[in-house]
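Rule-based calculations on the coordinates, nothing more; no lab input. Everything quoted here is computed from the prediction, not taken from an experiment. Cβ: placed from backbone, ideal geometry, glycine included. Neighbour counts: every protein chain shown.
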Amino acid sequence: MKRSAWRIAAATIAVVSLACARQGILLPGEGTPLPTIAAPATHTPSHVPPTDPPLISSATATQLPSATPAWTLVPPASPTFPATPTLIATASLPIVYRVQAGDTLNTLAIRFGVTPDDIQALQGDAPPQGLLNPGLQVVVPARLGRTTSSDELMPDSEVVFSASAAAFDVAAFAREKGGYLSRAQVENGSGSASAALKRLALDNSANPRLLLALLEHFGGWVTGPSPSGDALKYPFGIYEASAAGFAAQLIHATNRLGIGYYGWRDASLLDVAFRDGSKLRLAPELNAGTVAILYFFAVDAADEADWLSDVQSFLATYRSLVGDPFARVDRFEPLYYPTLTQPELNLPFFAGQRWSFTGGPHGAWERDGARAALDFAPPTSISGCAMSDLWVTASAPGEVVRSENGVVVLDLDGDGQEQTGWNLLYLHIASANRVAAGSHLEAGDYIGHPSCEGGVATGTHLHLARKFNGEWMLADGPLPFVLSGWRAQAGTQPYEGALVRGGDMAVACRCASSDTLVWR
């Protein structure tokens, strides 16, 4: 494992939906509170919104037969093989690569610009489907041209909200450092800015240490007494008019980290692009945590040199503020093994009912990033956001570790932590009759009623996502989302897709159609 400073040899250098509406934040010394940050509406039966153009280049999607004329199903890793226009002669020595947690044969092939058949294990065979064993050594032809360094800069467990940060107290850390963050208050005096950061870290499953380091790097909020100018207005260094203010900066920062991290997981992100129009291929040996950092800083970098300088500077800030990011890695990684399987999960409603499948794989919390969530709408004759009388039910036994603001998190291993093991996120659960935190549930027990609570939504529905050891699990990834035997398949765009069980297929749509119905 490479842990040296980021470098490129001198000779070679010549993103339905945000899940919840966020509260505005009142900062010390400001005359008026920041406006409430309204999240884009989540999906309910109507139309599929257009997606923003990608910020990075990617290969063309491989398409499977379409279930309807409206969209096309795709395999979990969408780029084709090989997935690069920058090939070199195969006379170069092959690469011996040590498999990392989360790797599959297909994603490795896409990253290395080869076909799966080109990859050979040194011992035994690499399975064609599913997760590869971390530590397995494979031989891959060297087909890529110039890439970034392959040095590992940030472990995965320090980017997602893993067990490494489960006991980390954001507020206590802010008080210890004594900077501006320790005094910032959420508007109406309902809480501190440090609490808001912790809450957003939980919602997005983003590591709070990393968010604090970014906040310190760009704004000096953690140790500095009184930031001003851009450091106050854009404390996470995202200089967009729509991202001004602490709350909006937090949202954009976690979203950007998710694009990098999960884009590498599913091999949809293959290079970084700079504002001068140049691009650089990401080294295929990188881990998802490192790519999250590289992508975060590339988006606003003027050019490659500017980007390299920014990354180096941030890593120095990180170490100075929270220590060596690799100090805890041996205790918390790998985040998962190839023997990992999804526990048996039921559709989140009672047998005998038929609900509409209104949203295929899409963002677990923010609009972009992990396509880990599915949406379901209960049968109703009333449009809009009226709370349904029908019940959302527990898909498996577990302990409720969070129940607030339209959110219920069910911990399936029962240790009381949502940073470890399997956890299910239920979103848009009405406050009335919602299950209390600390409750122990069996499969089929009441969770609550679907509604529009917990964020801006155009109609009553349930948003459901999985995570394991703090990482969102892609709904159409190597461990597909399976509910009562219905397997999730992604479409070409977020919210598109299908659930398939035997000869039955439910096509995701915000329309009132029998083609969307699923049942236990």
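Would you mind getting me the FRET efficiency between Glu442 and Ala302? Use the beta-carbon distance for r and R0 = 45 Å, nearest 0.05. It would help to have the intermediate numbers written out before the result.
Working: r = 56 Å, r/R0 = 1.25.
Calculated value: 0.20.
Residues of segment 140-163 with the amide nitrogen closer than 16 Å to a label point 7 Å from the Cα of Asp117, along Cα-to-Cβ, please.
What the label zone holds, given the 16 Å backbone N cut-off, is 141.
Just grab the label-to-label distance for Asn133 and Asp515, each label 7 Å out from Cα along the Cβ direction, in nm (one decimal).
4.5 nm
What does the charge count near Phe168 come to, summing +1 for each Lys or Arg and -1 for each Asp or Glu among other residues with Cβ under 13 Å from its Cβ? Walk me through the numbers on the way to the answer.
On the way: positive: Lys198, Arg209, Arg328; negative: Glu158, Asp169, Glu176.
Cβ neighbours under 13 Å give a net charge of 0.
How would you rank 433-444, 95-106, 364-375, 155-166, highest first, on the average number of other Cβ atoms within 10 Å across their residues?
Working: 433-444: 14.3, 95-106: 20.2, 364-375: 27.3, 155-166: 25.4.
Highest-to-lowest ranking by the protection proxy: 364-375, 155-166, 95-106, 433-444.
Please sort 129-142, 194-207 by packing, taking for each peptide the average over its residues of neighbouring beta carbons within 10 angstrom, highest first. Before the final figure, lay out the partial values.
Numbers: 129-142: 16.5, 194-207: 23.6.
Ranking, from highest mean packing down: 194-207, 129-142.
Gap in Å between the Cα centre of segment 281-302 and the Cα centre of segment 117-195?
That distance is 12 Å.
Using the number of other C-beta atoms within 10 angstrom as an exposure proxy, rank Cys509, Cys452 with the fewest first.
Values: Cys509 25, Cys452 21.
If I rank by nearby Cβ atoms, fewest first, I get Cys452, Cys509.
Projecting each Cα onto the charge dipole of segment 354-519 (Lys/Arg +1, Asp/Glu -1 at the beta carbon, about the Cα centre), which of Gly363, Ala437, Ala512 comes out farthest on the positive side?
Result: Ala512, furthest along the dipole toward the positive end.
Return the sequence-ordered ³J(HN,Hα) values of segment 391-399 in whole Hz as given by the Karplus equation 6.51 cos²θ - 1.76 cosθ + 1.60 applied to θ = phi - 60°, using x for Gly and Pro.
9, 7, 10, 5, 7, 7, x, x, 10
Can you check what the net charge comes to around Asn133, using other residues whose Cβ is under 15 Å from the Cβ of Asn133 (Lys, Arg +1; Asp, Glu -1)? Provide the component values of the computation, followed by the final result.
On the way: positive: Arg98; negative: Asp103, Asp125, Glu333.
Charge balance in the 15 Å sphere: -2.
Of Lys198/Lys279; Lys177/Lys233; Lys233/Lys279, which ones are farther than 26 Å apart at the Cα?
Details: Lys198/Lys279 34 Å; Lys177/Lys233 21 Å; Lys233/Lys279 29 Å.
Pairs exceeding the cut-off: Lys198/Lys279; Lys233/Lys279.
Say each of Thr492 and Asp230 gets a label point 7 Å from the Cα, pointing the same way as Cα to Cβ; how far apart are those two points in nm?
3.9 nm
As I understand it, the dipole of segment 354-519 uses +1 on the Cβ of Lys and Arg and -1 on the Cβ of Asp and Glu, about the Cα centre. Which of Cys385, Ile447, Asn469 lies farthest toward its positive end?
Of the options given, the answer is Cys385.
Taking only the Cα atoms of segment 354-519, how large is their convex hull per residue, in Å³? Let's see the in-between values first.
Values: hull volume 17.6 nm³, N = 166.
Given the Cα convex hull of segment 354-519, per-residue volume reads 106 Å³.
Fewest Cβ neighbours within 10 Å first, please rank Lys467, Lys177 accordingly.
Ascending Cβ contact count within 10 Å gives the list Lys177, Lys467.
Kindly state, to the nearest 0.05, the FRET efficiency for Ala172 paired with Ser381, given R0 = 56 Å and r defined as their beta-carbon distance. Please list the in-between numbers first.
Numbers: r = 51 Å, r/R0 = 0.91.
Efficiency, from the Cβ-Cβ distance: 0.65.
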